[in-house]
Amino acid sequence: MVKYLALISMILTASAGAVHPPTVRPGADLLLARHLQMLQGKRVGMIVNHTSRLMTGEFLVDTLRSAGVQVTALFGPEHGVRGAAGAGEKVTDGIDEKSGVPVYSLYGERNKPTAEMLKHVDLLIYDIQDVGARFYTYISTLKLCMDAAAEYHIPFIVLDRPNPLGDLSDGPLLEDSMRSFVGIGPLPVVYGMTCGELATFMNGAGWLEGGQKANLTVIWMDGWHRGMLWQETGLPWLAPSPNIPTPETAEIYPSTCFLEATNVSEGRGTPTPFFVLGAPFLNADRLSAALNARALPGIRFAPETFTPVSSKHKNVVCAGVRAAITDRTRFRPVQTGLAILAELIHQQPDSVALNGRWLGKLLGKGNVAAFLKEGGDPATLEPAWAAEREGFAREREKFLHHPYR
């Protein structure tokens, strides 16, 4: 009977674990629980957006102010401090209506805090949910804010949050000629680090202006490991930007975002951006069959028609495909995205327009658009890129937070 009860207990425990996934405590919650003394007597500037929330749902800025922390400046990335601006929409300076704290835009005329913005700041805090793709501009904001912190000798704290792409590394490293605000440095398209690890990497690998180093502190998470799906973290998903509404969108985003360099819709203006793609001049059945025939790992395609209510082909019926990731462990977003571009050009060479400069900035390589237009197979580029990633992986290893393994 004792053995029977023990067995039942084990089964119930396992079942409970399946129903109640391990809860991750982000750096923001741990700052409040364990490290609030670091902020005492400091004038604090905060680089935040709407994802800077505690597990209770409270906005970190409001909670810190209620706890007596002197928050003197807010710095807003793309989409703004409260996340109200659309993709690419310039964000202006102002006053945060709820807190009354001055807001400085880092997505407009300036991307880096100035001395004037920082004159009432003794300490900077960065707390923004990332998606793990190099061309997502929040990591450019992170780097430029660290530049300013090092230049003006202001301590810099990063509150770590999960990378929804986990440990995945994919795509080529950015070449110097392609540096921009959507490519801040020589990372792969998908780099497999949390924002805390990335900040440590940038600081330690000599990325900051003039070879300076920031006085950096990372408040690491509790309970996260690199193989976690977002759904296993126990955390709600707060869309980092309007077109990344789900964690699954973050997984497909580094693939179909390359369509931004074309006149084919990547699904903006639909309920499922980046999962649907198409244009009025495409044949849905033909495109779906051809993409599935390529046997790309971990993904399948089905014919789809849709009508975007904004962005490309607004209010025009588009024919194309809907993508479904079938095996996250095998899916390779960059290989998939370039295969889609190659097939689109193959099927409609006179209709598909490809902006080579923009693709180069997104991908990090400037010669790929011409290669695709000439009928090149993007799979042949992968061996050289894999060698680049191996070198990156050796460098990255020095800066990974070992408890996350």
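Does L277 fit the bill of being part of a helix (DSSP H, G or I), on the phi < 0 side of the Ramachandran plot and in contact (Cβ under 8 Å) with a residue 12 or more places away in the chain? Criteria not met by L277. Residues that are modelled with pLDDT of 95 or more and surrounded by 24 or more Cβ atoms within 10 Å (Cβ to Cβ) are absent from segment 93-102.
Considering segment 318-402, the qualifying helices (runs of 4 or more DSSP H), each wholly inside and each with 3 or more residues that are in contact with a helix residue (DSSP H, G or I) (Cβ under 9 Å, 6 or more places away or on another chain) and over 19 Å from A133 (Cβ atoms), run over 333-347, 368-373.
Which condition does A133 not pass, out of (1) buried (at least 23 other Cβ atoms within 10 Å of the Cβ); (2) in contact with an Asp or Glu (Cβ under 9 Å, 6 or more places away or on another chain), if it passes all the others? Going through (1) buried (at least 23 other Cβ atoms within 10 Å of the Cβ); (2) in contact with an Asp or Glu (Cβ under 9 Å, 6 or more places away or on another chain) one by one, A133 breaks only (2). Suppose the filter is at pLDDT 95 or above, more than 22 Å from the chain's Cα centre (by Cα) and outside the structural domain of D167 (by TED's automatic domain parsing); does A324 pass it? Against the criterion (at pLDDT 95 or above, more than 22 Å from the chain's Cα centre (by Cα) and outside the structural domain of D167 (by TED's automatic domain parsing)), A324 does not qualify. Every residue in segment 105-124 that is under 20 Å from R43 (Cβ atoms), free of Cβ contacts under 8 Å to residues at least 60 places away in the same chain and in contact with a Pro (Cβ under 7 Å, 6 or more places away or on another chain), please. Residue satisfying the conditions is L106 alone. Only residues that are in contact (Cβ under 8 Å) with a residue 40 or more places away in the chain, surrounded by fewer than 24 Cβ atoms within 10 Å (Cβ to Cβ) and not in a loop (DSSP other than H, G, I, E, B) were counted in segment 158-182, giving 3.
The values are calculated or read from the model by the stated rules, or taken from the named source; none is laboratory data. Since the model is a prediction, treat every value here as computed from it, not as a measurement. Using ideal geometry, Cβ is built from the backbone for each residue, glycine included, and neighbour counts are taken over all protein chains shown.
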